[in-house]
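Read-outs: derived from the displayed coordinates by stated rules, not from any lab. From a predicted model like this one, the values you see are computed outputs, not experimental measurements. So basically every Cβ, Gly included, is an ideal-geometry build from the backbone, and we count neighbours across all protein chains shown.
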Amino acid sequence: MYRPKKVQTLTIAAFTFLVLAATLYPTRLDGQAIWLRTPLDRGTTIEFNKVAFSGDEQLTSFSMAYYFGTYVPIRRDLVLVGDLPVASAKTQGGAFSNQTLGNAYVGVEWQHTDALVWEFGARLPFSDNPAVNQAAALGLASDAADRLEAWADRAVSFQLAPNLIHRSRDGLFLRLRGGPSLFLPTGRATGDTEVIVAYGGQVGFEGDLIHLLGGVSGRVITGSGGETFNHVAGSIGFDFNGLRPIAFVRVPFGDLEGVNAVYGIALSFGS
């Protein structure tokens, strides 16, 4: 089986370093997914995603997708971004027990103007095939609309996404986001080269204590199948002097079948 152990080890070590650097940097913190943060935020986050399947899956309480995110400022208008997905799936009766890394992300966010932020990044090919690995399938179900590339079977992907942003003085936040991803299978991967287009919009409120975000986002695979993965999502977060707890819910629609909703919490840390 294709498994770049050395690359995985180096990636995890580098990610750990970035987490420490971000945690020691005294600045504002937010979550990883676009429903948990806004562009150019800094910090370190842990995100817990619990999938509510429509069938009787009988998964254990700790069968979840976990995302570890970090944001390190390079300069005032440039932030280095990392995202390490992990998923675990185990039935209560012990019929299966799987764990897997997702495809790790590294990229940058660049503030071109006050109203325009560019995202550039790539994912490294760590994920198992969701068709045969239950943990990878759970990871895919947790956030196909925003992080489909995180669970593509051993695929490298490259992402470009502009963000059009408006912030008012009274805390209103508006965002439109979209752009292409190119995804390239590696080794013994089962997929094909694909172009994926992301799209979405958010509206929210950013106060001193409370943050609210909501809207719609998705992905469309532009090949012959033309599959779409969408969700309506929302979150609420609170700021407590370096610690931000965030609760969120996502309700998928489109071609992702068997999932009623995804519930979760995220914790952001810093000094």
How many angstrom lie between the Cα centre of region 93-134 and the Cα centre of region 139-206?
10 Å
Please list, in order along region 162-178, the HN-Hα scalar couplings obtained from phi with the Karplus expression 6.51 cos²θ - 1.76 cosθ + 1.60 (θ = phi - 60°), rounded to whole Hz, x for Gly and Pro.
x, 10, 9, 10, 10, 10, 9, 5, 8, x, 5, 10, 10, 8, 10, 9, x
Whose amide H sits under 5 Å from the amide H of residue 259, counting only residues 5 or more places off or on another chain, with H placed in the peptide plane?
54
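What number comes out for the charge environment of residue 159, summing +1 per Lys or Arg and -1 per Asp or Glu over other residues with Cβ under 14 Å away?
Working: positive: 123, 147, 177, 219; negative: 83, 109, 119, 146, 149, 194.
So the environment of residue 159 carries a net charge of -2.
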If contacts are Cα pairs under 8 angstrom and at least 6 residues apart, what is the relative contact order of region 79-163 in percent?
30 percent
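Where does each of 238-245, 154-161 land if you order them by average Cβ count within 10 Å, highest first? Let's see the in-between values first.
Numbers: 238-245: 13.9, 154-161: 19.6.
Per-residue Cβ counts within 10 Å, averaged per peptide and sorted highest first, yield 154-161, 238-245.
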Counting alpha carbon pairs within less than 8 Å and at least 6 residues apart, what relative contact order, in whole percent, applies to region 92-211?
21 percent
Just subtract the alpha-carbon distance of residue 216 and residue 269 from 0.36 nm times their residue separation and send over the number in nm, one decimal.
16.4 nm
For a quick protection proxy, order the peptides 196-202, 102-108 by their average other-Cβ count within 10 Å, most packed first.
102-108, 196-202
